[in-house]
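The values are calculated or read from the model by the stated rules, or taken from the named source; none is laboratory data. Remember, predicted model here, so these are calculated numbers, not experimental data. Ideal geometry is used to build each Cβ from the backbone, glycine not excepted, and the neighbour counts take in all protein chains shown. Note: areas computed on protein heavy atoms with side chains; ligands, DNA, RNA excluded. Shrake-Rupley method; radii C 1.70, N 1.55, O 1.52, S 1.80 Å.
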Amino acid sequence: MEIKTFGVIGAGQMGGGIAQVAAMSGLDIIMHDIKDEFVQKGFNTIAGLLAKNVEKGKMSVKERDTVLGRIRPVTDLSAMSEADYVVEAASEVEPIKFEIFQKLDKICRPEVILATNTSSIPIGRIAAKTKRPEQVIGMHFMNPVPVMKLVEIIPGLATSDATYQTTGDLAVKFGKTPVKANDYPGFIANRILMPMINEAVYALYHGVGTVEDIDAVMRLGMNHPMGPLTLADLIGLDTCLAIMETLYAGFSDSKYRPCPLLRRYVEAGWLGRKVGRGFYPY
Ligand code: CAA
């Protein structure tokens, strides 16, 4: 089946980014979020990023208008009945994802693949909420989506080869490089990245260094493009905590326990760049 209409659930930083790269690849996008203001905010962010591309001479005004014209913001999930492929990028909270997949399973045509951009929730657990587990797969984009080359592709135990192939082909169409990861908590990316970020928070908690110095060590000493605390602010501290909780529960191993300071920041609502306050003020 040819994929022409691409559904994206969630218009936040990940969903918006996915909608943008998919629209730039020529697909028609249905972008869903639960409130009008959320989809509008997501749409405006995409418009702003495309305007920057125009300023830099990477895109003509006509191209920008064509790409934006391909994105249809919606708040009614039943609009996904028109989609040929759907990727979910809602909050990293199991009950929210489970409910979305149960609803999509009823709304979408039977042949449609339902992908999730989850950063660590087992694909098999999400797939089991549907009657089409062979068509459920992980399609994990990195932040910022328009810039980062990687898409982790995670087949669950029941995922078919055809679903895996179609999803990898889509990632290539979006200009990305697909890499396969098996369905264990955190897959590959967050299995390695999150314990590093969590350890950076522990270093801060134990007073080994200041926020700036911890980041400087990793930037200047290891050539990371951003320090781990800056990166945590970019990803969102709530997402970082949720991923650590998933690793901790999924492996039943204390080495993945989230740092109490990370939890304290999240409880205070200091979630990072998206709210204007995390390890740094914005
Ligand atoms: N959206 C779109 N484009 C962006 C952007 C954003 N949020 N932020 C930066 N860019 C673009 C800039 O416009 C610029 O584009 P041009 O080359 O066309 O001018 C380019 O990226 C480079 O940006 P800057 O020069 O401003 O800054 P930089 O060189 O420091 O690069 C960065 C910024 C690409 C974000 C870089 O710091 C980086 O690679 N950081 C690490 C990001 C990372 O590790 N991401 C993975 C997070 S983990 C994850 O996402 C998975 C998960 O499940 C948690």
### Query
Just one of the numbered conditions (1) within 16 Å of the ligand (Cβ to nearest atom); (2) under 19 Å from the mean Cα position of the chain (by Cα); (3) over 22 Å from Met1 (Cα atoms) is not true of Ile154; which one?
(3)
### Residue within the stretch 185-193 that is of a type in the set (Lys, Arg), in contact (Cβ under 8 Å) with a residue 40 or more places away in the chain and within 16 Å of the ligand (Cβ to nearest atom) present
yes
### Task
Would you check if Lys52 is assigned by TED's automatic domain parsing to the domain that holds Glu134, over 21 Å from the mean Cα position of the chain (by Cα) and closer than 26 Å to Val275 by Cβ?
yes
### Query
Taking the stated definitions as given, is Phe6 open to solvent by 30 Å² or more (accessible area, probe 1.4 Å) and aromatic (Phe, Trp, Tyr)?
no
### Task
Could you grab the pairs with beta carbons closer than 7 Å, sequence gap of 6+ or different chains, first residue in the stretch 230-247 and at positive phi, second one outside any helix (DSSP H, G or I) and modelled with pLDDT of 95 or more?
Gly236/Leu271; Gly236/Gly272
